[in-house]
Amino acid sequence: MQKVSFIHAADIHLGSMVHFTGSPPNYLEEKINEAVFNSWNNLVELAILKQVDFILLAGDIFDREQRSIKAADIFYQGINKLAKENIKIFMIAGNHDHLQDYQSILSMPDNFYLFSAEKFESKLLMFKDFTVKIIGRSYASREETRNNLKDLQTEFANFSIVMLHTDLAGQGSPYLPLNKKEILTLSNVDYWALGHRHLPQLIDKKPTIAYPGVLQARDFGELGKGGCWLVELIDKEINKIEFKNLASLEFKKIIIKLTDESDLETFSDLIDILQKRIERLYLQADHNSIYLLEMILKGQHPISKLLSEQGSEGLQFIKDELNNQLSQAQLSVWIERIVDQCINEFPISKLEELKDNNPLYQELESLLVKLLADKELKNELLQEMGEIWTTRTNLEESNPLQFEVDDDQLQYMIEQSKRYILNNLFSGGK
Amino acid sequence: MFIRRIDIRDFGLFRQSSLIDLHQNINIIGGLNRAGKSTLKTVLASLGYGYQNNEQTPAAKKQYQIDAVLIDVKSAKYHLDITGFGKPHLYKNEEKKEISIQKLFKNIDRFTYQNLFVITLDKLISNPAHLNEKEISKLQAILLGAGLNDFRKLPLLRSDLLQSATRIGGKFGKVDVAEFKPYNKQIKRGITLQKTAQQDLSTFNKLKEEKKSLVIKKEETQAKINKLNQKISLLDLLDINYELLDEYLILQENLSGEKASNILNYPAQTIEKIKKSDLELITIEQEIEEITTKIKADVSSLDNESLVKFTDELNSINELTKQKDVYQERINLFNKQEERILDKKATIDKSLDDLFITSPEYDQIKEIRCNKQVQAIIKKLINNIKDYKIKNNNIEEEIRVLEKEIDLKDNQELVFASKQITFYIAIFIIIASIFGTILWTDTFIWILLSGVLLLGIDRLLIYRQNVKVEKLAQSLAEEKNNLQIRLIRLKEESQTVKNELRDFEKQAHAYQDQLYLVEKSSLASLAEDCQEIKYLQEMITDWQAEYNNQLSRNKEIKKYLTRVVNLANKFQDLIYELYLPDIDELFEYPKYLDQLDLINNLVVLADRLISLKEEKKSKKIKLEQLINIDEQLSKEIGLSSKKIIDDYNRLNKLNDRFKQIESQIKQSLKKKTINLAKLLETFAGYDKNSLSETIKKAQASKDKFSQELITIIEKIENKKIKLAELSTDQNLYKSKQLIDEARADLRPLAEEYAVKKTTAFLLKKMEEKFLEKAYTELLTGAKNLFKNITANHYHDIIPDDDLSNAKFSLIDREGDSYQSLNMLSRGTEEQLFLAVRLSRIQEVETKLPVIIDDSLVNFDYQHLQRVVDELISLAKTNQLFVLTCHPTLIKLFNKKTARINNWLLKKGKFTKTKYHNLIEEIT
């Protein structure tokens, strides 16, 4: 009975860092800054611990924007450690570390193989009872449009793996425009080791199509745990596929509904509520992990008036207070931001009346409904929001000068607008 | 809601007036001028809001008091009262609890009610004189529909929002304007830094290459320096060791000749062996000499024959000499033993003589039975004799005592007691008198007095004794008699004992014979004699054993002595001092055996001499063999071991010096990379002067390269620092920090901007929609009404572009547009505004009473008819108060509907009446 095991990881983005603001205490800041590197080191440790036979790195191992020598060095050290354990590494370059930009700073040991961008290459691994073939092709540049799978035709082994860096979005995508149906036309492939998507996904089991997601989340766009797939083959078949968390830090969004909070009158009360919520989270949390939190205040409560009056300064005050308390308690939690998404404080009876009698308000209501449904209107609004906002949600090409607006964000802003209009137009004042 | 009843007190003309049972639909209040119609209008217009102290409100004499009964759509009954300028109070049914007036009037405010529901002629124009511009605008909003009031705020609100948004993010929310600007700059700084960091990779590689070539250069320079160091070191060494090297070379030459090298190369082991053998031979010869001298001192001849003679006996003499002490001891012991045996025999013989009648043979004696049993019997017998003798003696003694006693009894004088004491006293006085004569002291007087005292005491004692004696004399006679009887008995007993004693003695003599004992021997010692014989028997046995042993000792010693004597005989002639007695002499004087030592010493020496001679011979052969080992060598140095050793020593001395110099030089080369060969090779090229010159030059060269090396190392270090700097992700970290922090601060601003812009956008959209509606939908009811009123003459009413302007354009059935109201007749304008108002009243959900205050006067009959139709229609939902002084209107209403109450108002008093009467009254 031949047992072979391997790790499938991608999108490590070595060099990039966890995004956070403010000044976390020293015991956290260093860990946060090193989190991406640590996740790579964790992967190396896991490979050694499990004594895997090889590791697949399916692109974007480095971050183009934040490629650093340190990143290269840490990667190199990991590869060297693996070399001592006789663990092989097969890597393809993705859009973030495409070969045009790829600069090898350190010469890699023999256990490391980087697939070229010219054509699909394959590597055959001979095990006692069966063979494993690993096929892959790197990105030559930021975009990869060569999607002809005929190029991939090769003699397959007992167990064949194809490494691709693709979003599986099909035609039009600049990132290897393929879709699931298309890749499944190659029936001899047993494992599609994909990269590019930042959340772990096991799309299909037979053949296996898997995205490991990022090793370490870096902002609130990458919620959840980061890690890799640990795959075990017994006699040419997948016996076990397991997701291994390797991240030392997790982004979490916590929604706090204030509607039923009867003892909430002041900011101090609100701080208490949030603190209890954090304590609850921390009790259930993995204490080896650091948590970066976004706390979203929701519901309808008189406090929202105070929040609205105090604006961002009020929220900043609450955040600072909470972070101070967390630091004093030496908890591995950092509140990155507090968002006020409470619904308006306008009296419901008045709102009902407006609904019934005020055509202008009715107009507002119908507009709000229409805004989310009517693409044209939505686009018109997005235009109004100015250049600083963009609807581009492509994580790969994000522009730090702009903010991305998704439906949630839009909804939030619309809600705020509605609140403003109600208070200023329909409150009965002059 | 409609008014069922109203009571008015102290309000203008109305002192105490009531309108009871008002009609739900239409109430016509007819009255001539100054009858109170306008006052009633004022009362009704403010019913829901209270009265204001202004020109329109008539002054009260005391205080206004209005009470009304109101009925809502669900037929619930309410009571309303207003006192003075106070607010209206509303109560449901008879309940005391006040409820809000809003319950009935909802959101219709005073202005709206008074300007929309209260229709007076002066209001049916575009700009009523009693209203200011704002009020006109508000009225317009009311006319165009609910919401227009809010709508009016829109532009301002939007403008405020846009202004404030512009302050934040400019007109278009560009990323690098207004309040966004500093954050944008910071982000851009971050991006630039990020790009720099990316370029770091290329810089890193470039630096790495530069460092690499510098390292090579460093190594090359270092190599040059090393070479120079070596050279300098070599030259320094030459300089230091110059004299030594010179000597070294000379020695090397001396030692390098073929002969020298042959000798030096000759195996040292053999040379050592030759040396050793030579030494050994000398030692042997010396010893031979010594031994020969020694032997010669003691012997007459030392030829080979003599030596052989000696050595032949080596073993025997050795053995004999070894045993010598033992035998000397043995002989002494033997002699002593011999004496003892003789003594012992003499003792035995004497005992035999003493005991026996004749001296029997030892063997005979040994045959006598004298064992313990015999001894016991004899002992018993002798004891019996002894006992009987004692017994006999005792009896005889007793007889003698008895006889004496009897004699004593006969002559006894009882004075013996005093005799003793008197004797002691006499002695005392004599001794005292002697002492007194010598001393003559007081003591003498005391002693004398004591003697006298003692004499007295003696006399006293004598007296007592005499008394006793008298008593005893009596008993003596009795005792004497008793003694006589006892004496006879004892004599008989004595005779018996003597007979038995004789028997025993007879038996004892028989035993005496058996033991060969002399007759004279006492019977009393018979037992001891028997024991003695036993003892003698043992002694004889012992003596015989000892005697036999002595014989065998004698034999053994003689054997040894014979050998000694024989041996001595052999050396008799050879050794000067050797004297050897015969065996008997030796027995007597074993000391002579010490002569063996003399022989032995000589034998040993002779033996040693022979073996030394042998050894010398073999050594010589061996030495010869050693010397002869190499023919070549033999040729060179001959066979003289002395010469060999001398040459060898001399050359070795040179060689030692050579080696010492070599070692000295090598010591100086220690820790240097130069070997001796190299040093010698270099030495050949220099004389002492040129050497120091070359050293100086090399040193200068080295200094130059060292300086270069320092510069290169500095450069490498700089590169290293730069590389290390590049190796950190500080730039990336800083860039991330700059971007993240700027974005965190920028985001709320961007959100605020977006919210403001979104709000403005929404407001704009609302405005547009509202306007669109205003144009298309809002005036639809008014249009229809106006169409009806004007009998389809006008088709459309269009509000002004600025809705807040109370301006409308009309389009007639021909499509002609009437942009300005000035183009219309007064009647048409009034119809238009009436139509607009009525349509709005219909649209308003809250159904409140409508008051028409003689506002239809300018309509011709045709139009009036149609207006009345519309009003009757309106009255279905809104209670209608028609205040008029025009019979035509009253007639028209009454003709067209029965849902009507007619009231005559006259001097502030209401009278419900039939319309005919009313017409009559006001005609």
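The values are calculated or read from the model by the stated rules, or taken from the named source; none is laboratory data. Bear in mind that the values here come from a model prediction, so they are computed numbers and not experimental data. Backbone-built Cβ (ideal geometry, glycine too); neighbour counts: all protein chains shown. Accessible surface areas use protein heavy atoms only, side chains included; no ligands, DNA or RNA. Shrake-Rupley method; radii C 1.70, N 1.55, O 1.52, S 1.80 Å.
I'd like the FRET efficiency for A:K50 and B:K181, computed as 1/(1 + (r/R0)^6) with the beta carbon distance as r and R0 of 56 Å, rounded to 0.05.
Efficiency for this residue pair is about 0.60.
Tell me which of B:P88, A:L351, A:P400 sits at the most positive position along the dipole axis of the protein assembly as shown, charges placed on C-beta atoms (Lys, Arg +1; Asp, Glu -1).
The one lying farthest along the dipole's positive direction is B:P88.
Amide H of A:A210 versus every other amide H placed in the peptide plane: which residues, excluding those fewer than 5 positions away on the same chain, fall under 5 Å?
Answer set, sorted by chain and number: A:W192, A:L194, A:I203.
To make sure I understand the rule: partners must be lysines, Cα under 16 Å from the Cα of B:K912, and not fewer than 8 residues away in the same chain. Which ones qualify?
B:K37, B:K891
Given points 7 Å out from each Cα along the Cα-Cβ axis, report the B:N205 to B:R650 separation in nanometres with one decimal.
My value for the distance between the label points is 8.2 nm.
Where q = 0.17, 0.26, 0.29 Å⁻¹, what log10 of I(q)/I(0) comes from the Debye formula for the range B:62-119, counting one point per Cα?
-0.63, -1.17, -1.22
Could you give the radius of gyration (one decimal) and Dmax (whole number) of the Cα atoms in the range A:349-430, in Å?
In order Rg, Dmax, the Cα atoms of the range A:349-430 give 15.5, 49 Å.
Can you work out the FRET efficiency for the pair B:T293 and B:D597, with r the C-beta to C-beta distance and R0 = 30 Å, to the nearest 0.05?
In this case the efficiency is close to 0.95.
Just to be sure I understand: of the beta bridges DSSP finds with both ends in chain B, what percent are antiparallel, rounded to 5?
70
Give a quick list of trypsin sites (Lys or Arg not before Pro) in the range B:431-529 that DSSP marks as loop, anything other than H, G, I, E or B, with at most 11 other Cβ atoms within 10 Å.
Qualifying residues, ordered by number: B:K520.
Could you check the spin-label model distance between B:I430 and B:L314? Points 7 Å from the Cα along Cα→Cβ, value in nm.
Simple spin-label model gives 10.1 nm for this pair.
So, R0 is 45 Å and r is the distance between the beta-carbons of A:D269 and B:E95; what FRET efficiency does that work out to, to 0.05?
0.65
Given q = 0.17 Å⁻¹, what are the Debye log10 I(q)/I(0) values for the range B:676-755, with equal point scatterers placed on the Cα positions and solvent ignored?
Computed log10 I(q)/I(0) values: -0.86.
Is it possible to state the helix-based mean residue ellipticity at 222 nm for chain B, with each DSSP H run of 4+ residues giving -39500 (n - 2.57), the sum divided by total residues, to the nearest 500 deg cm²/dmol? What is it?
-24000 deg cm²/dmol
Antiparallel as a % of all DSSP beta bridges within the range A:3-245, to the nearest 5?
That works out to approximately 45 percent antiparallel.
From the convex hull of the Cα coordinates of the range B:274-410, what is the mean projected area in square nanometres?
25.0
Taking the alpha-carbon set of chain B, what are its Rg and Dmax in Å?
92.5, 233
Run the helix sum for chain A: -39,500 (n - 2.57) per DSSP H stretch of 4+ residues, divided by residue count, reported at 222 nm to the nearest 500 deg cm²/dmol.
Taken over chain A, the calculation gives -11000 deg cm²/dmol.
Need one number: convex hull volume per residue for the range B:648-805, Cα atoms only, in Å³.
Convex hull of Cα atoms, per residue: 281 Å³.
Using only C-alpha atoms and all pairs of different ones, pull out the Kirkwood radius for the range B:538-626 in Å with one decimal.
Result for the range B:538-626 stands at 16.6 Å.
With N residues in chain A, what two-decimal value do you get for its Cα radius of gyration over 2.2 N^0.38 Å?
Dividing the Cα radius of gyration by 2.2 N^0.38 Å gives 1.16.
Compute the semi-axes of the equivalent ellipsoid of the range B:379-514, taking the square root of 5 times each eigenvalue of the Cα gyration tensor, and list them largest first in whole Å.
Over the Cα atoms of the range B:379-514, the semi-axes work out to 54, 25, 8 Å.
Roughly how many debye, to the nearest 20, is the charge dipole of the range B:228-297 about its Cα centre, given +1 on each Lys and Arg Cβ, -1 on each Asp and Glu Cβ, and no other charges?
340
Can you tell me the length gained on complete extension of the stretch B:Q819 to B:K659, counting 0.36 nm per residue apart and subtracting the Cα distance?
Gain on extension, B:Q819 to B:K659, equals 43.7 nm.
Can you give the accessible area of B:E98 in Å² (nearest 10), computed on protein heavy atoms with a 1.4 Å probe?
Roughly 90 Å² of B:E98 is accessible to a 1.4 Å probe.
Between B:R563 and B:K906, what is the label-point separation in nm under the 7 Å Cα-to-beta-carbon projection?
20.7
Using θ = phi - 60° and the Karplus relation 6.51 cos²θ - 1.76 cosθ + 1.60, list the HN-Hα couplings for the range B:733-742 in order, rounded to whole Hz, with x at every Gly or Pro.
5, 5, 4, 4, 5, 4, 5, 4, 5, 4
Please express the Cα-Cα pair-distance distribution P(r) of the range A:249-343 as a list of whole percents, one per 5 Å bin, running from 0 to the bin with the greatest distance.
For the range A:249-343, the binned pair fractions read 3, 13, 26, 27, 16, 10, 4, 0 percent.
Using a 1.4 Å probe over the heavy atoms of the protein chains, calculate the carbon and sulfur portion of the accessible area of the range A:249-343 as a whole percent.
After summing per-atom areas, the C and S share lands at 43 percent.
From the phi of every residue in the range B:310-320, what ³J(HN,Hα) in whole Hz does the Karplus formula 6.51 cos²θ - 1.76 cosθ + 1.60 yield, where θ is phi - 60° and glycine or proline is x?
4, 5, 4, 8, 3, 5, 4, 4, 4, 5, 5
Kindly list the residues of the range B:642-657 that lie in the label zone of B:T270, defined by a backbone N under 14 Å from the point 7 Å along the Cα-to-C-beta vector.
Inside the label zone: B:644-645, B:648.
Which entries of A:K3/A:K84; B:K678/B:K702; B:K336/B:K372; A:K370/B:K123 show an alpha-carbon separation above 31 angstrom in the structure shown?
B:K336/B:K372; A:K370/B:K123
What do you get for Rg/Rh over the protein assembly as shown if you use C-alpha atoms and the Kirkwood form of Rh?
That ratio equals 1.53.
List residues of the range A:259-278, by number, whose backbone nitrogen lies under 17 Å from a label position 7 Å along Cα→C-beta of A:F317.
Zone members listed by number: A:264-275.
List the residues of the range B:534-561 whose backbone N lies under 18 Å from a point placed 7 Å from the Cα of B:K366 along the Cα-to-Cβ direction.
Under 18 Å, as judged by backbone N against the label point of B:K366, lie B:534-552 of the range B:534-561.
Got the relative contact order for chain B handy, in percent, Cα pairs under 8 Å and 6 or more residues apart?
Reported relative contact order: 30 percent.
Keeping all protein chains in position, work out how much accessible area B:V604 exposes to a 1.4 Å probe, and write it in Å² to the nearest 10.
70
How would you order B:230-238, B:50-58, A:258-266 from highest to lowest mean count of nearby Cβ atoms within 10 Å?
The most tightly packed comes first, giving B:230-238, B:50-58, A:258-266.
Send over the semi-axes of the range B:438-527's equivalent ellipsoid, whole angstrom and largest first, taken as the square roots of 5 times the C-alpha gyration tensor eigenvalues.
61, 30, 5
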